[in-house]
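The values are calculated or read from the model by the stated rules, or taken from the named source; none is laboratory data. It should be emphasised that the depicted structure is a prediction, and the values quoted were computed from it without experimental measurement. No Cβ is skipped: glycine too gets one built from the backbone with ideal geometry, and neighbour counts run over all protein chains shown. What goes into the accessible areas is simple: the full protein's heavy atoms, side chains included, and nothing from ligands, DNA or RNA. Shrake-Rupley method; radii C 1.70, N 1.55, O 1.52, S 1.80 Å.
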Amino acid sequence: MKKYNNLLLHIMNFKSIFYLILISLITLSCNDSKKTTNKNLPGAYHFLEDTGTQVFLPEDFERYSLTKYQRLLDSLTTKKEYEIESERLQSLSKMDGALYIYFNKEDGSTFTINTRPYFAFTKKDATQLLGLITENNDKVKENSDAKFTKITAKYGGDKNQQLFKTVYKVSGKSMKNDVYNSSYIISSKGQTVFIQISTLKEVNFDPYLEKIILK
């Protein structure tokens, strides 16, 4: 029961992720991450200090601190947009573990990853989590014209490794662009990570996440 309650607590933070659609495209400078090029998958590895995890992201993603990101938002967004996105990130930053934020200046994509205390979960757990996500989406729709279209929701794993993934298309008359929000929970090798990705077109991040190194 404790394991399941912890899992629900993590997913409760999905409630505010969908407000990320309000944030404008952001232009950033490149960082000096070590570049790694696969024949079919160019990108760079990024090191997460608290656990030693390494995540492989498409080229042009840059890491930002929470403070630096908030300063950027304050200069590029409306007061309401700033408040909404700041609330989401504050919720993520209060989770046990660490929050890492990345942006892609070329296409406006946002990638956040939380390292979490390890917890294994089952297909039954994933079904319950999907129901909670749907419930949170419905609450968002009550106060906006946002429309959520489920693209995919799946679970895969065994006793040693588990993955839960959802992808939603978010659209609305008040939105300048449709947005695709992808969420992943991965548990393996005694580690758990919670990943959220926001893009302006449907992108399959699975090949990149398959290269994640959990230690």
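Please give the FRET efficiency for Lys189 paired with Asp138, using the beta carbon to beta carbon distance and R0 = 30 Å, rounded to the nearest 0.05.
Details: r = 36 Å, r/R0 = 1.18.
FRET efficiency, Lys189 to Asp138: 0.25.
Sorted by average packing, counted as other Cβ atoms within 10 angstrom per residue and highest first, what order do 176-186, 154-164 take? Intermediate values should be presented prior to the final figure.
On the way: 176-186: 18.9, 154-164: 14.3.
Order by mean packing, descending: 176-186, 154-164.
For segment 55-213, dividing the convex hull volume of the Cα atoms by the residue count gives 119 Å³ per residue.
Protein-only accessible surface at a 1.4 angstrom probe places the residues Leu214, Leu130 in the order Leu130, Leu214, largest first. Leu66 exposes around 40 Å² of accessible area when a 1.4 Å probe is run over every protein chain in place. Label sites at Ile151 and Lys105, each approximated as a point 7 angstrom past Cα along Cα to Cβ, lie 2.5 nm apart.
Hey, with R₀ at 25 Å, roughly what FRET efficiency would Glu59 and Met95 work out to, going by the Cβ-Cβ distance, to 0.05? Please report the intermediate quantities before stating the final value.
Numbers: r = 28 Å, r/R0 = 1.13.
Efficiency, from the Cβ-Cβ distance: 0.35.
Cross-link pairs exceeding 29 Å in C-alpha to C-alpha distance, out of Lys150/Lys215; Lys79/Lys105; Lys79/Lys154; Lys123/Lys147; Lys79/Lys147, comprise Lys150/Lys215; Lys79/Lys154.
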